[in-house]
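What follows is calculated from the coordinates using simple rules that are stated; it is not laboratory data. Computed from a predicted model, the values in this text were never measured in an experiment. FYI the Cβ positions are ideal-geometry reconstructions off the backbone, even for glycines, and counts take in every protein chain you see.
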Amino acid sequence: MTVTTKLIQPILIMSGYSEFSKSNNAISAEEEGRFPASRAAKRLNIPTGFIRDCCQFARQNNEYHHVSKYYNEVAYYDAAEIQRWIDKHPDTEEEAGGPFDAALARWRCEQNKPQVVHTNVTVTWLEWGGTRSHPHASERTVAGCTVRDEGGKFVTVFLPDGRAMRKGKDTRGFEATVNGQSICGP
């Protein structure tokens with residue numbers, strides 16, 4: 001008696017881990033020329049943030065691999081494809097400003113946003129205490145603060161007593177308001 005089975009969906013099997021560093025699939029992707037943004041940026045001599053923000057076309061099928069002993073998912077980019085895109089820009093000075101130069105200039109301009117300072121801000125945040133096993137969050141609210149926004153993911157908060165703290169704009173439990181109008185947070 002012969003039994004045949006028909007696979008309807010392919011079975012994806014992880015190929016294992018190489019020590020505590022990265023998956024075997026990640027190692028094989030690197031051998032094929034696909035790397036995390038930081039490694040691709042070093043090879044191509046361009047900013048890592050530019051690859052993450054502007055080179056999604058080089059991420060084949062939203063490819064990611066697991067790295068570290070915590071199995072973090074890391075996006076992998078095709079360095080050769082990014083290099084082909086870079087090479088498309090003109091070589092002559094008359095034609096300067098090709099697609100790569102223009103995209104890189106736009107990205108750098110977005111990164112260099114002017115600093116904005118808000119005064120008389122009411123800031124609310126969570127302050128954590130307790131132990132690692134029994135953490136406890138206390139909500140703190142302080143009025144009369146100064147908030148400096150440099151255009152990135154973080155703001156610097158200067159409290160009236162002179163202390164300063166840095167907070168992520170999207171951090172849960174953090175909000176900065178001026179006259180009831182939210183400038184950071186939910």
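Side notes on the structure shown:
- Under the simplified labelling scheme, the E150-R132 pair shows an inter-label distance of 3.1 nm, with each label point 7 Å from Cα along Cα→Cβ.
- Paramagnetic reach from R140 in region 166-186 [backbone N under 20 Å; point 7 Å along Cα→Cβ]: 166-178, 183-186
- Peptide ranges 118-130, 24-36 listed from the most packed, as the mean C-beta count within 10 angstrom indicates: 24-36, 118-130
- Sorted peptide list for 133-140, 148-155, 160-167, criterion being average Cβ within 10 angstrom, highest first: 148-155, 160-167, 133-140
- Over 25 Å between alpha carbons, listed pairs K113/K169; K42/K153; K22/K42; K22/K167; K113/K167: K22/K167
- Shape summary: region 116-184 maps onto an equivalent ellipsoid whose semi-axes, from the alpha-carbon gyration tensor, are 22, 13, 11 Å in decreasing order.
- Distance (nanometres) between label positions extended 7 Å along Cα→Cβ at E73 and S38: 2.0
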